[in-house]
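Asker: Below is the structure I would like to discuss, written out as structure tokens.
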Number of protein chains: 2
Amino acid sequence: MAPPPSTVVSPVVTLIVRVLTFTCLLISVIIIATNKATSIIDINLATNTATSVEMKFSDFYAYRYMLASGVIGMAYTVLQIAFTIFYVSSGNRFGGDGLTLLEFYGDKVLSYLLATGAAACFGLTVDLNRLPENDSEAQGFLNKANAAASLLFIGFIFSAISSVFSSLSLPKRG
Amino acid sequence: MAPPPSTVVSPVVTLIVRVLTFTCLLISVIIIATNKATSIIDINLATNTATSVEMKFSDFYAYRYMLASGVIGMAYTVLQIAFTIFYVSSGNRFGGDGLTLLEFYGDKVLSYLLATGAAACFGLTVDLNRLPENDSEAQGFLNKANAAASLLFIGFIFSAISSVFSSLSLPKRG
């Protein structure tokens, strides 16, 4: 039998994990929001013209959802970083037990949001990547989307760790 | 301030939620595993022939991942149902505090697995659904995939509820 956890996680560790979450989300959001490519779909040798199509992240619902989950995640994480800095500097928990419960549910919901954001992007990108028609531009677009999803996934791992911490910090029950 | 939760959730409620999870996963797995379609990609009027392509769930990595997450989810949920039935019928928790911790982490991991499974399927299906080339067979295939993902998502909601319950049932800390 494992002994029941007897100490609550140090607020400094909590703070570090949240800052890491924020950093991953920020880079992921920048990569996906700036992701653009011009893919050539048809070359006409007679008229010496090429028909091309421009791709942006907003052309795909999966990437839009991923961007939204990253942005919401950043807003929530900044708020929690502020609360944790208050806790570290003053020694008192801002809002008491009520906020601890809110943090427990908030962390759970946020980690689900980030997990689904990254998974939706991977679900689309992995299968699009296997299309034989992709040129190097399209491939670059999809690789960047994969990079953004990977970073969001790392951010999700950190937010899942935060969620474990906030579960372990739940108010004691009588 | 909300008062800290003072009672642990009744094992009968836990059991009901787990049975609901299992039911959703079972139907979702059946739908996705039997999903097949023959889509016509080219009709040649001169030779009166049609070129068609058969689609199965296993042609798409996102659907394979969804099936895997559903099957793993069913195995885990059956195990937890057995433990809960033991608890309800004997009044003792099988395995004591050690198993409570294992349940806490297991429920967390499982709910993330189901969330990402459903999201990966939605991420692919929503954007494939918008392709103008889809015929009615392809549309039917994607609609079934959507139905399976929706059921898996409902199963995820139930497993997230189980995860909240198992967090609230964590051993008391001194």
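Quick note: the coordinates plus some simple rules give every number you see, no bench work behind them. Remember, predicted model here, so these are calculated numbers, not experimental data. As a convention, Cβ positions derive from the backbone with ideal geometry for all residues, glycine included, and neighbour counts pool all protein chains shown.
Asker: Across the stretch A:90-110, what is the number of residues that are touching a residue at least 60 places away in the same chain (Cβ under 8 Å) and either facing chain B (nearest Cβ under 9 Å) or of a type in the set (A, V, I, L, M) (or both)?
Answerer: Residues meeting the conditions: 4.
Asker: Does the stretch B:19-52 hold any residues that are buried (at least 17 other Cβ atoms within 10 Å of the Cβ), more than 30 Å from A:Ser169 (Cβ to Cβ) and either within 14 Å of chain A (Cβ to nearest Cβ) or among the hydroxyl-bearing types (Ser, Thr, Tyr) (or both), and which are they?
Answerer: B:Ser28, B:Ile32, B:Ser39
Asker: Select from the stretch A:119-140 the residues that are part of a helix (DSSP H, G or I), at the interface with chain B (Cβ under 8 Å from one of its Cβ atoms) and more than 15 Å from B:Phe156 (Cβ to Cβ) and list them in ascending order.
Answerer: A:Cys121, A:Phe122, A:Leu124, A:Val126, A:Asp127
Asker: Part of a helix (DSSP H, G or I), free of Cβ contacts under 8 Å to residues at least 40 places away in the same chain and away from chain A (no Cβ under 14 Å): is that true of B:Tyr87 in this structure?
Answerer: Against the criterion (part of a helix (DSSP H, G or I), free of Cβ contacts under 8 Å to residues at least 40 places away in the same chain and away from chain A (no Cβ under 14 Å)), B:Tyr87 does not qualify.
Asker: Is it fair to say A:Leu131 is farther than 30 Å from B:Val8 by Cα and out of contact with any helix residue (DSSP H, G or I) (no Cβ under 7 Å at 6 or more places or on another chain)?
Answerer: Spelling it out, A:Leu131 is indeed farther than 30 Å from B:Val8 by Cα and out of contact with any helix residue (DSSP H, G or I) (no Cβ under 7 Å at 6 or more places or on another chain).
Asker: Of a type in the set (A, V, I, L, M) and away from chain A (no Cβ under 14 Å): is that true of B:Ile16 in this structure? Please lay out each step first, then the result.
Answerer: On the way: of a type in the set (A, V, I, L, M): yes; away from chain A (no Cβ under 14 Å): yes.
Yes; evaluated as a whole, the condition is true for this residue.
Asker: Only residues in the stretch B:120-131 that are among the charged types (D, E, K, R) count as the first member; pair them with residues that are in a loop (DSSP other than H, G, I, E, B), Cβ under 7 angstrom, at least 6 apart or cross-chain, and list the lot.
Answerer: That search, which allows pairs on different chains as well, returns B:Asp127/A:Phe60.
Asker: Just for the stretch B:107-136: of the residues that are of a type in the set (Gly, Ala, Ser) and crowded, with 24+ Cβ neighbours inside 10 Å, which one is farthest from B:Met74 (Cα to Cα)?
Answerer: Residue satisfying both the conditions and the ranking: B:Gly123.
Asker: Can you tell which of B:Ser52, B:Ser58, B:Ser28, B:Ser39 is closer than 16 Å to B:Leu113 by Cα and outside any loop (DSSP other than H, G, I, E, B)?
Answerer: Testing whether each residue is closer than 16 Å to B:Leu113 by Cα and outside any loop (DSSP other than H, G, I, E, B) leaves just B:Ser28.
Asker: Yes or no: the stretch B:83-103 includes at least one residue that is among the hydrophobic types (A, V, I, L, M, F, W, C), crowded, with 17+ Cβ neighbours inside 10 Å and under 25 Å from A:Ala119 (Cα atoms).
Answerer: No, every residue in the stretch B:83-103 fails to be among the hydrophobic types (A, V, I, L, M, F, W, C), crowded, with 17+ Cβ neighbours inside 10 Å and under 25 Å from A:Ala119 (Cα atoms).
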